[in-house]
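Peer 1: Just dropping this structure here.
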Amino acid sequence: MGSVGLLYVGAVLFVNALMMLGRVEARSAALLNLFVGALQVMLPTLLLVAAGDDLAAITAAAGIYLFGFTYLYVGIGLLAGLDTTGAGWFSLFVALAALGFAAINFLDVRDHPFGVIWLCWSFLWFLFFLVLGLKREELTRYTGWVTLANAAGTTTLPAFLLLTDTYSTSAVFAAVLAGCAVAVLAGLWVLTRPGRVPAGAPPEPVAGP
């Protein structure tokens with residue numbers, strides 16, 4: 001069930017990345033955020049109902065809610081034309097919580113690749129905080145490309161690996177994933193060259209995660 005939700009998170013991150021890069025109009029992306037946000041709230045609710053006293057299942061469901069509420073928050077904000085600061089500061093909360101879920105995956109669940117994936121999500125949501133919460137518009141293009149990379153590498157790819165029963169929790173896979181993530185994030189920084197927005201320059205398109 002979680003792998004299905006992960007696949008559609010990849011879809012909404014893909015669309016939101018294009019939105020941040022100015023390729024998709026913000027209000028037209030709002031509906032997909034609402035659809036995926038609703039899915040990411042319903043799925044963990046079903047998991048909680050079935051979990052009983054299974055602490056591992058409860059913990060997994062708690063993590064999914066973070067993203068469900070993000071997409072609902074963003075979708076409603078886009079349609080209503082709300083200021084982005086609320087979603088931005090919520091993204092900081094998600095970024096910090098994601099560090100805790102990364103630690104759980106590394107130390108408790110022993111799912112090392114998903115530990116790396118949670119760290120990637122933490123970094124991405126911290127970028128959302130900078131762009132949306134602190135209005136660091138010079139980081140918009142970099143954040144859009146990082147969002148696109150996460151859509152491919154931390155959601156769509158693991159979703160298909162899980163759906164085809166080829167996912168591995170090995171430390172070797174985690175190390176490869178971490179190396180690729182660092183290389184991509186550093187490479188995108190060099191290619192996009194984020195810097196201060198010059199005085200009088202038109203603002204870059206800014207929208208939600």
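Peer 1: By how many degrees, between 0 and 90 and to the nearest 10, does the Cα long axis of helix 26-51 differ from the longest principal axis of the chain?
Peer 2: 20
Peer 1: Can you tell me the orientation of helix 171-192 relative to the chain, as the angle in degrees between its alpha-carbon axis and the longest Cα principal axis, to the nearest 10?
Peer 2: It works out to around 0 degrees.
Peer 1: So, one more: Per-residue accessible area for Arg141 at 1.4 Å probe radius, Å² rounded to 10?
Peer 2: 110
Peer 1: For the range 87-190, which whole percent of the accessible surface, found with a 1.4 angstrom probe, sits on carbon and sulfur atoms?
Peer 2: 76
Peer 1: Right, next: Mean separation of Cα pairs under 8 Å and 6+ residues apart, divided by the residue count of the chain: what relative contact order is that in percent?
Peer 2: 31
Peer 1: Quantify, in whole percent, the carbon and sulfur part of the accessible surface of the range 2-48 (1.4 Å probe; protein heavy atoms only).
Peer 2: With neighbouring chains kept in place, the figure for the range 2-48 is 73 percent.
Peer 1: On a 0 to 90 degree scale, rounded to 10, what angle separates helix 55-80 from the longest Cα axis of the chain?
Peer 2: Taking Cα atoms only, the helix is inclined about 20 degrees.
Peer 1: Tell me, in nm to one decimal, what length is gained between Phe123 and Ala51 on full extension, where the rule is 0.36 nm per residue of separation less the Cα-Cα distance?
Peer 2: Gain on extension, Phe123 to Ala51, equals 23.0 nm.
Peer 1: Heavy atoms of the protein only, probe of 1.4 Å, neighbouring chains included. What is the accessible area of Val190 in Å², nearest 10?
Peer 2: Approximately 90 Å² for this residue.
Peer 1: With a probe of 1.4 Å, find how much accessible area the range 120-161 has per residue, and write the answer as a whole number in Å².
Peer 2: Result: 31 Å² per residue.
Peer 1: What order, most packed first, do the peptides 5-12, 93-100 have when packing is the mean number of other Cβ atoms within 10 Å of each residue?
Peer 2: Packing proxy ranking, top to bottom: 5-12, 93-100.
Peer 1: Moving on to the next point. Using a Gaussian network for the chain with springs between C-alpha atoms less than 10 Å apart, which of these wobbles most: Leu47, Leu92, Leu78?
Peer 2: Leu47
The values are calculated or read from the model by the stated rules, or taken from the named source; none is laboratory data. Only a predicted model underlies this, so the values are computations on that prediction, with no experimental measurement involved. A quick note on method: Cβ atoms are made from the backbone with ideal geometry, for glycine too, and the neighbour counts reach across all protein chains shown. The area values use the complete protein model at the heavy-atom level, side chains included, leaving out ligands, DNA and RNA. Shrake-Rupley method; radii C 1.70, N 1.55, O 1.52, S 1.80 Å.
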